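Peer 1: If you scroll down you'll find the structure; I have some questions about it.
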Amino acid sequence: SCASATEVGGSPFSGGSVPAPVTSYTGAMRVTFTSDGHNAFDGFVASFGSTTTSCPSSGSTLTAASGSISDGPGSYDNYQSCYWIIAPSGAVWVTLSFSSLSTQSGRDLVRVYLCSDASCASATEVGGSPFSGGSVPASVTTTRVAMRVTFTADGYATGDGFAASFTSSATAYCSVSSSFTLTAASGSISDGPGSYGNHQSCSWIIAPPGTSLFVTLSFGAFSTEANADLVRVYSCADASCASATEVGGSPFSGGSVPAPVTSYTG
């Protein structure tokens with residue numbers, strides 16, 4: 001009945017430029033055409049297609065720490081359309097790695113978006129997306145909460161499709177990103193597995209939600225070049241940390257595990 005309908009992005013269409021294909025993931029679409037009482041033109045022609053074929057776990061929110069997604073075994077179908085939200089529970093970073101890509105270039109597209117929350121209501125498409133053709137894209141890493149991945153095919157040629165896997169961690173590794181803002185009530189930070197690299201530089205803002213009375217940072221291991229490779233800890237006036245005071249004893253270096261540090265500014 002389309003009693004409940006949402007106008008798609010870019011609509012309404014008019015003028016002389018042919019709009020890009022439009023895909024609905026709800027299983028129905030309503031199209032309207034209206035003209036005023038002035039000039040008349042040649043109008044428009046459009047074709048539509050649909051498929052009952054979906055991809056494994058399409059439409060799911062994936063909350064495991066790791067997993068995989070693909071269009072399915074063999075060649076994908078014309079008009080196939082799928083999406084996944086990747087939102088591992090407790091993760092502070094997520095990496096999506098492609099193992100294969102073989103689609104009709106410029107027409108059958110894999111898109112990757114970074115989301116501010118697991119609903120992905122607010123999402124930003126990553127650089128390089130959409131992906132198509134035969135070149136395997138580079139890995140995509142986000143320190144946001146979630147990713148959304150979509151796959152859409154038009155009604156022409158098909159191909160083998162794509163396969164990708166994702167990994168995540170609840171530890172904010174310096175080797176993953178140079179800066180983090182951590183808003184969970186608790187968590188962990190680290191320079192990363194193994195030895196850190198030369199000229200490495202990272203920062204973390206720890207800002208638990210709500211009005212926290214205090215935040216305590218406890219070190220579990222410590223081994224850096226004394227007086228050269230430094231960990232500094234600051235107490236901030238607010239979550240922006242625009243105004244910050246270095247805590248007593250900071251900077252820390254060497255082989256002794258520092259005592260816990262508590263900030264009472266929240």
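Peer 1: So, in region 251-266, how many residues would count as being under 22 Å from residue 228 (Cβ atoms) and either in contact with a Gly (Cβ under 8 Å, 6 or more places away or on another chain) or buried (at least 16 other Cβ atoms within 10 Å of the Cβ) (or both)?
Peer 2: Kept after step one, since they are under 22 Å from residue 228 (Cβ atoms), are these residues of region 251-266: 251-259, 261.
Keeping just the survivors that are either in contact with a Gly (Cβ under 8 Å, 6 or more places away or on another chain) or buried (at least 16 other Cβ atoms within 10 Å of the Cβ) (or both) gives 252-253, 257-259, 261.
Total satisfying the criteria: 6.
Peer 1: Mind checking which residues of region 183-193 are part of a strand (DSSP E or B) and either exposed (fewer than 14 other Cβ atoms within 10 Å of the Cβ) or small (Gly, Ala, Ser) (or both)?
Peer 2: Result: 188, 190.
Peer 1: Looking only at region 230-250, which residues are assigned to a loop (DSSP other than H, G, I, E, B) and open to solvent by 50 Å² or more (accessible area, probe 1.4 Å)?
Peer 2: Across region 230-250, the qualifying residues are 230, 232, 237, 238, 239, 240, 242, 243, 248, 249.
Peer 1: Any idea how many residues of region 72-86 are open to solvent by 10 Å² or more (accessible area, probe 1.4 Å) and either at pLDDT 90 or above or assigned to a loop (DSSP other than H, G, I, E, B) (or both)?
Peer 2: So the answer is 9.
Peer 1: Pull up region 142-173, narrow it to residues that are assigned to a loop (DSSP other than H, G, I, E, B) and over 18 Å from the mean Cα position of the chain (by Cα), then point me to the one that is nearest to residue 83 (Cα to Cα).
Peer 2: Keep residues of region 142-173 that are assigned to a loop (DSSP other than H, G, I, E, B), which gives 143-145, 153-160, 170.
Now narrow it down to the ones that are over 18 Å from the mean Cα position of the chain (by Cα): 153-160.
Working: 153: 12, 154: 15, 155: 18, 156: 20, 157: 20, 158: 18, 159: 18, 160: 17 Å.
Here the residue is 153.
Peer 1: Tell me, yes or no, whether region 146-166 has at least one residue that is among the β-branched types (Val, Ile, Thr) and under 30 Å from residue 217 (Cβ atoms).
Peer 2: No, because not a single residue in region 146-166 is among the β-branched types (Val, Ile, Thr) and under 30 Å from residue 217 (Cβ atoms).
Peer 1: Follow-up question, since we're still on this one. In region 174-204, what residues are over 13 Å from residue 92 (Cβ atoms) and of a type in the set (Phe, Trp, Tyr)?
Peer 2: 196
Peer 1: Inside region 103-139, can you point out the residues that are farther than 17 Å from residue 79 by Cβ, assigned to a loop (DSSP other than H, G, I, E, B) and open to solvent by less than 30 Å² (accessible area, probe 1.4 Å)?
Peer 2: Result: 120, 126, 129, 133, 137.
Peer 1: What's the number of the condition residue 205 fails, among (1) surrounded by 10 or more Cβ atoms within 10 Å (Cβ to Cβ); (2) in a loop (DSSP other than H, G, I, E, B)?
Peer 2: Going through the list (1) surrounded by 10 or more Cβ atoms within 10 Å (Cβ to Cβ); (2) in a loop (DSSP other than H, G, I, E, B), residue 205 breaks only (2).
Peer 1: Is it the case that some residue within region 184-196 is under 17 Å from the mean Cα position of the chain (by Cα) and more than 30 Å from residue 21 (Cα to Cα)?
Peer 2: No - not one qualifying residue is present in region 184-196.
Peer 1: Of all residues being of a type in the set (A, V, I, L, M, F, W, C), surrounded by fewer than 11 Cβ atoms within 10 Å (Cβ to Cβ) and under 22 Å from residue 81 (Cβ atoms) in region 1-30, which is modelled with the lowest pLDDT? Just the residue, please.
Peer 2: The extreme case among them is 2.
Peer 1: Right, something else. Criterion first (within 30 Å of residue 189 (Cα to Cα) and in a loop (DSSP other than H, G, I, E, B)) does residue 42 satisfy it?
Peer 2: no
Peer 1: Residues to consider are 117, 154, 160, 108; find the one that is over 22 Å from residue 56 (Cβ atoms), in contact (Cβ under 8 Å) with a residue 24 or more places away in the chain and of a type outside the set (A, V, I, L, M, F, W, C).
Peer 2: Step by step, each of 117, 154, 160, 108 is checked, and only 117 is over 22 Å from residue 56 (Cβ atoms), in contact (Cβ under 8 Å) with a residue 24 or more places away in the chain and of a type outside the set (A, V, I, L, M, F, W, C).
Peer 1: Can you name the condition, by its number, that residue 196 falls short on among (1) part of a loop (DSSP other than H, G, I, E, B); (2) open to solvent by 30 Å² or more (accessible area, probe 1.4 Å); (3) in contact with an Asp or Glu (Cβ under 7 Å, 6 or more places away or on another chain)?
Peer 2: (3)
The values are calculated or read from the model by the stated rules, or taken from the named source; none is laboratory data. It should be emphasised that the depicted structure is a prediction, and the values quoted were computed from it without experimental measurement. All Cβ positions, even for glycine, are placed from backbone atoms using ideal geometry, and neighbour counts span all protein chains on display. Protein only, heavy atoms only, side chains kept; ligands, DNA and RNA dropped before computing areas. Shrake-Rupley method; radii C 1.70, N 1.55, O 1.52, S 1.80 Å.
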